[in-house]
Each structure stands twice: as C-alpha cells, then as structure tokens.
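**Student:** Got a structure here, written out as structure tokens. Questions coming.
The values are calculated or read from the model by the stated rules, or taken from the named source; none is laboratory data. This is a predicted model, so every value here is computed, not measured. Side chains included, ligands, DNA and RNA excluded: accessible areas come from the protein's heavy atoms. Shrake-Rupley method; radii C 1.70, N 1.55, O 1.52, S 1.80 Å.
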Amino acid sequence: MPNPDPISQCIETLLQQYFTDLDGEVPTGVYDMVLHRVELPLLTIALQQCEGNQSRTADMLGINRNTLRKKMQQYHLL
C-alpha cells in the first residue's frame with residue numbers, strides 16, 4: 001500500500017533509484033547507510049530550529065539529551 005506521506009514517498013523514490021543504479025550489484029549495509037543519510041540532516045535541521053539548544057532539540061526529536069549529545073559527537077556536530 002503506497003504511503004501518502006511526502007517524506008516517505010521521497011525516501012521510497014530515492015531507494016528505488018538506488019537499487020536501480022546498482023544494476024545487479026548486491027548491496028550491503030543498506031540499513032546503516034539509510035539511517036546515516038537521514039539522521040545527519042535531521043539532527044542538523046533540528047538543532048538549527050532550536051537555535052542550538054540541545055535540551056529543546058532532544059525534546060523536539062523525542063530522544064534523551066545524552067543520546068542527542070552522543071549522536072552529535074558521532075556526526076561531529078559539537
């Protein structure tokens with residue numbers, strides 16, 4: 001069943017193109033690749049929207065502040 005959500009539609013379209021572009025090559029690590037590609041802009045934009053306030057950003061994202069800081073370190077956003 002197609003998802004009418006625009007973000008999901010965008011991701012689905014891009015994933016279909018990714019698999020098409022592989023042209024028969026066997027993909028590996030797709031799950032981690034997709035999470036990394038989505039998580040970095042999500043964190044960046046959320047931090048911008050909260051003017052860098054980590055507590056507000058964590059609340060916005062629905063994650064613990066310590067988890068946010070860990071992810072910020074992981075993506076070199078500190």
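**Student:** Can you compute 3J(HN,Hα) from phi for each residue in segment 40-55, using the Karplus curve 6.51 cos²θ - 1.76 cosθ + 1.60 with θ = phi - 60°, rounded to whole Hz and x for Gly and Pro?
**Tutor:** 4, x, 4, 5, 4, 5, 4, 4, 5, 4, 9, 6, x, 6, 5, 5
**Student:** How much of the accessible area of the chain, in percent, comes from carbon and sulfur atoms when a 1.4 Å probe is used? Present the calculation step by step, with values, prior to reporting the outcome.
**Tutor:** Details: 3410 of 6190 Å².
Within the chain, the accessible surface is 55 percent carbon and sulfur.
**Student:** While we're here: For GLN9 and LEU22, compute 0.36 nm times the residue count separating them, minus their Cα-Cα distance, and round to one decimal in nm.
**Tutor:** Details: separation 13, 0.36 × 13 = 4.68 nm, distance 2.01 nm.
2.7 nm is the gain from fully extending GLN9 to LEU22.
**Student:** So what's the angle, to the nearest 10 degrees on a 0 to 90 scale, between helix 65-74 and the longest Cα principal axis of the chain?
**Tutor:** With rounding to tens, the tilt is 60 degrees.
**Student:** Let me ask something else. Write down Rg/Rh for the chain, rounded to two decimals, with Rg from the C-alpha atoms and Rh from the Kirkwood relation over Cα pairs. Numbers along the way, then the final one.
**Tutor:** Numbers: Rg = 15.4 Å, Rh = 14.4 Å.
Ratio value, two decimals: 1.07.
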